[in-house]
Amino acid sequence: MNASLSALSPAAPEMTAETAGPPEAAAPPEARARVLVVDDDEHNLLAIRTVIEDLAEVEVAKSGEEALRHLLKGEFAVILLDVYMPGMDGYETARIIREREQTKRIPIVFLSAVNKEKEHLMRGYSMGAVDYVFKPVEPVVLRSKVSVFVDLYTMTREIQRKAEQEQKLLDANLRANAERLRVEQELRAAEQRQAAIIRSLPIILYLEAEHGLPRIPQFVGGNFATVTGFSFDAVEADPGLWAERLHPEDRTRTLKALEERARTGAMAIEYRWRCADGQYKHFLDQAVLLTDPDGGPPRYAGTLLDVTDRRLLENELLQARKMDAIGKLTGGIAHDFNNLLAAVLGGLDLIERRVPLEEAQRKIFDMTRRAAEQGSELVRRLLAFARRQQLAPSEIDIGRLSTTVTELLAHTLGGLVQLDWRSDPKIWRAYADSTQLELALMNLIINARDAMPEGGTIRVAGRNARAEADNGLGLPAGDYVVLKVADTGAGIPPDLLEQVTEPFFTTKEVGKGTGLGLSMVYGFARQSGGAIDISSEVGRGTTVEIWLPRGRAAGRRRAEPPAERGAKPETRPLRILLVDDHDAVRETTAGMLSDMGHQVEAASNGPAMLEKLQAAPAGYDLIVTDYAMPLMSGGEMLDHARKIRADLPGIIISGYADSSSMAARPREIVVLTKPFTRDQMKAAIGAALVDAAGARSA
């Protein structure tokens, strides 16, 4: 792509004394193509000139007004135009360029550091842009784009020059028959080389009648069959083929662009077109009206460029950014919700222990607590999607996993649906959180059941797989364990397939799904170092694959939660310092600890707690602190507390914390996730005291 197409064309035939014409017939040396770069930043101008100066002559302008003055002095192969400039901005400059007869056909590529949204892009295209390059500019991308336009410009100039030269040679009638044959052979060889180059590119060159409807090109260059899947003969035989295979959403816009072309004499539009294999491709269709110097009817000369790969990459980038933004948002929301739920569940626990309830009151109480617990489960799913949940990865035996999941779903699937497990006998162990993997498989299996209301078989299979460097799933190269869940249900339409992993998006009827099942599976897989791959066909079913890293037996032990460490809950009364900036959580936690028989002193921030500890270092047995607080985080506060008293046990309670931040907490500190129950708090206290005792003995 970087090599100029004209450089591959043969030189003009060597002129001999016998065949040379008069001096005025000799063609002047061909000037290099020129590129105009418009940017108000001198550093940008210097950088762009350095990248492309070997491709063409580069002229620079620091404003829209200066750019218009340059355009009065000659032709350019392409204009690289900054969108935001003082005075006349890029959009206004592009509009004036397109209104002038001399400059309206020069391709414009916008340079933009902001405004990547669709409406701004469409505004740029409506002003006449043929492409966008986003800052900071990638040199390889910029060179590739500029090279295409320089090559097309050079080819056009080369064709014009050859046509003029041949006309002069014919008019002069100075060539002998042998010389004419030699020139024809060289020209034929040049055309073959150029045709071979064009066939290797995803581009079609065409000529079209000025008022040709239905639309049928008169001439086609390039690999027509490869780009469209149709032979050119098939297009000629069916005049309505082009319009019929336009994407329904693009048809009106594209046909309107054709009508506008008849008025302006130029067209540049991108649309989707259904090829012979039934798949849609994105085409960039550009054409300009050419007049015939011999007085023949004008014709459009155009290019049809396959930009499907570029469009897919842009969509993937937008999707990744959107998912990341949603993940950060849900992670922040989860923190606030966990604080609220901790206060609600803690308060309910205090009410249950302190207030006798009648039967009717008990029903309302239980219903309220169940709703709060369901809210807690909802938050866990949000954290799973946001990849912010705390995982305890370990080696997982897939054979045992199948038994566990089958038992859990025994009373859920119903009699119409069967579960068929088929795993490779030599399947590796996976490395992930076993509880979250069980939950992910249950979500997928229940989704499959819901997709088959008439019943059927859900097939779950496991296999070993090797991911190469370029695998399409964004996975590092390496060994993976793949778990596949497949159904034969209704399937998912292609236009919805990219949305199914977004939170709260569901294809089920209202009231029959939260839209968090697949998003939870997606977040769990990504946080575990894996990925999910979804394929579906309407009417034939859906297949979801979870890719998880292969386990390595050495050096990997599951991090046990406090309740599983063998610690016995402490029963003797303790003097506890409690720190939490959330008033309701602080009050309910203090009440819970008091009901356990402990003596509690509460503070709303770290500095206030440290003052109490500094005043009586030996007066307390345990610190219980929130993690995310203003002024000082729970981890920082415990670091300061350890400097006052090194052996003081500690518990961090957290509704949300980034795993990298939590990893920096002091040693022998137990983490308790909000919302928590009385039993979980009791187990955490026991574990904290056991860890502290172990540290002292060591």
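Taking a ≥ b ≥ c as the square roots of the Cα gyration tensor eigenvalues, with a/c under 1.5 meaning rounded and otherwise prolate when a/b beats b/c, else oblate, which class fits the stretch 30-173?
Prolate, because a/c is 1.5 or more and a/b exceeds b/c.
Round to the nearest 0.05 the FRET efficiency obtained for Leu241 and Gln361 when R0 = 60 Å and r is the Cβ-Cβ distance.
Efficiency at R0 = 60 Å is approximately 0.25.
Pairs to check: Lys62/Lys145; Lys643/Lys674; Lys104/Lys145; Lys612/Lys643; Lys73/Lys104; Lys73/Lys118. Give those whose C-alpha atoms are more than 24 Å from each other in this structure.
From the list (Lys62/Lys145; Lys643/Lys674; Lys104/Lys145; Lys612/Lys643; Lys73/Lys104; Lys73/Lys118), the Cα-Cα distance tops 24 Å for Lys643/Lys674; Lys73/Lys118.
Pulled fully out, how much extra length does the chain show between Glu119 and Arg274, if you take 0.36 nm times their separation in residues and subtract their Cα-Cα distance?
My answer for the length gained is 53.3 nm.
Between the alpha-carbon centers of the stretch 137-193 and the stretch 439-453, tell me the distance in whole angstrom.
If you average the Cα positions of each part, the centres end up 63 Å apart.
At a 10 angstrom cut-off on C-beta neighbours, averaged per residue, how do the peptides 125-135, 159-169 rank from highest to lowest?
Packing order, densest peptide first, comes out as 125-135, 159-169.
Please report the net charge: other residues with Cβ closer than 13 Å to the Cβ of Thr50, K and R +1, D and E -1.
Once positives and negatives cancel, what remains is -1.
Please arrange Val670, Val148 by how many other C-beta atoms lie within 10 Å of their C-beta, fewest to most.
Val148, Val670
Cut-off 12 Å, label point 7 angstrom out along Cα-to-Cβ of Arg310: give me the residues of the stretch 260-279 whose amide nitrogen falls inside.
269-271
Based on other C-beta atoms within 10 Å, arrange Ile351, Ile445, Ile216 from fewest to most.
Ascending number of Cβ neighbours within 10 Å: Ile351, Ile216, Ile445.
How much length would be gained if the chain were fully extended between Arg161 and Arg422, taking 0.36 nm per residue of separation minus their Cα-Cα distance, in nm to one decimal?
In short, 87.0 nm is gained.
Go through 241-247, 419-425 and give me the packing order, highest mean Cβ count within 10 Å leading.
241-247, 419-425
If you wrap a convex hull around the alpha carbons of the stretch 196-306, what volume per residue comes out, as a whole number of Å³?
Each residue corresponds to 103 Å³ of Cα convex hull volume.
The numbers here are math on the coordinates, done by the rules we state, and not lab data. Please read all numbers here as calculations on a predicted model, not as lab measurements. Neighbour counts run over all protein chains shown; Cβ positions are idealised from the backbone, glycine included.
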